[in-house]
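Written out below as C-alpha cells is the structure these notes cover.
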Amino acid sequence: KVRDILKAAQQANTAVIAFDALDCNTISACIRGAERARRPVIVMLYPNMRSMMPFAAFAQAVKSMARSASVPVGLHLDHCSDSTVILEAMRDGFTSVMADGSAMPMEENIAFTKSVVDMARVFDVDVEGEIGHVGQVAAGFDYQNKETFTVPEEAAEFAERTGVTSMAVAFGSCHGLYKAAPHLDLERLAEIRRCTSIPLVLHGASGLSEEAVVESIKRGICKVNFATELR
C-alpha cells in the first residue's frame, strides 16, 4: 500500500520517489533501480498514457513485477480530475489514485476530492489530493506566482475535511522543463508541515537541484514525483 510506504518514509524523515512509467520497460527499470538503491519505489501512470497501456495491463504488470521485487513497490494513478476515470482505474486494480481538483475553487476541490475518497474506501484505495496548484511550464504557468501557492491553514482544513492519504502542495515547483530556476518557498513548506501531519508530496521535481529536493524532504516532503526527467 502506498499509505504504508509513505508512513515508513515519514517515520524515517525521508521520502520515496514516484516515477511516471510508460510501459513494461520503464516499469521494470523503476523497480530494478529501486532494488539497486535498496529503497521502496512508487510506480505511477498518467491517465492519458492508458492509450499506450490500458489501466488493467499496467496494474497487472506492476503487481506481477512487485511480487518478485526485493523492495516495496507502490502502484499509483497520477493526476486525474475525472471521477469516472478514477473509478475505472480502481476497478482495474490501482491501489492508489490522485484526485486532482487543484484548478477548482477550494470548496469545489474539497467536495470533489472527498467524493473520490468516499468512493475509494469501497476498494480500500489510497487517495492523494492537491491544495494550491502546481501547473505546467508548457502551458505558460507562472510558477513564481505566490497566489497559486498552498496556504498552510487551508492545507490543514483540506486534509481534515477530505480524509486524503497524502497531499500535494505548491510552493514554487512546476511540471515540465523549467525555463528559469525556480525559487522554492521552503518556509511556507515548513509551515504547512507544522499545520498538518499528513504526508506531503512534491510535484515537478524534474530539473530541481539535488539541494532543493533534499531541503524539501527535510521540511516534510514524503513523496517526490518524477516524470519529465525520466521520459
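Here is how the numbers come out for the structure above:
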read-out: Aspartates and glutamates whose Cα lies under 16 Å from that of K114, excluding same-chain neighbours fewer than 8 positions away; value: D82, D100, D124, D126, E128, E130, E154, E157, E160
read-out: Rg over Rh, two decimals, the stretch 136-231 (C-alpha only, Kirkwood Rh); value: 0.95
read-out: Cα gyration tensor of the stretch 187-231 - equivalent ellipsoid semi-axes, whole Å, descending; value: 21, 11, 7
read-out: Value of [θ]222 nm, deg cm²/dmol, for the chain, DSSP H segments ≥ 4, -39500 (n - 2.57) each, nearest 500; value: -12500 deg cm²/dmol
read-out: Net charge over other residues, Cβ less than 9 angstrom from the Cβ of T26 (K, R count +1; D, E count -1); value: -1
read-out: For V127, residues with placed amide H under 5 Å, excluding near neighbours; value: V97, T165, S166
read-out: Karplus 3J(HN,Hα) series, Hz, for the stretch 96-101 with 6.51 cos²θ - 1.76 cosθ + 1.60 (x for Gly, Pro); value: 8, 9, 10, 9, 9, x
read-out: Cut-off 15 Å between beta-carbons: net charge of the residues surrounding T148, Lys and Arg +1, Asp and Glu -1; value: -4
read-out: Cα gyration tensor category, rounded, prolate or oblate, for the chain with a/c compared to 1.5; value: rounded
read-out: For the stretch 1-93, the Rg and Dmax computed from alpha carbons only, in angstrom; value: 13.0, 37
read-out: Around V2: net Lys/Arg minus Asp/Glu count, Cβ-Cβ under 10 Å; value: +1
read-out: Percent antiparallel among DSSP beta bridges (both partners in the stretch 30-171, rounded to 5); value: 0 percent
read-out: Cα-projected label distance for E147 with S70, points at 7 Å along beta-carbon direction, nm; value: 5.2 nm
read-out: 5 angstrom amide H check on L22, placed H, neighbours 5+ away; value: I27
read-out: Over the chain, relative contact order from alpha-carbon pairs under 8 Å, at least 6 apart, %; value: 20 percent
read-out: Solvent-accessible area per residue for the chain (1.4 angstrom probe, square angstrom); value: 46 Å²
read-out: Karplus 3J(HN,Hα) series, Hz, for the stretch 29-43 with 6.51 cos²θ - 1.76 cosθ + 1.60 (x for Gly, Pro); value: 4, 4, 6, 5, x, 5, 5, 4, 7, 6, 9, x, 8, 10, 9
read-out: Protein accessible area in the stretch 1-86, 1.4 Å probe - carbon and sulfur %; value: 49 percent
read-out: Scaled radius of gyration (Cα, divided by 2.2 N^0.38 Å) that the stretch 62-124 gives; value: 1.27
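The values are calculated or read from the model by the stated rules, or taken from the named source; none is laboratory data. Fair warning: this is a prediction, and the values are worked out from it, not measured in the lab. Quick reminder, even Gly has a Cβ in these numbers, built from the backbone with ideal geometry, and neighbours come from all protein chains shown. SASA here: full protein model, heavy atoms, side chains in, ligands and nucleic acids out. Shrake-Rupley method; radii C 1.70, N 1.55, O 1.52, S 1.80 Å.
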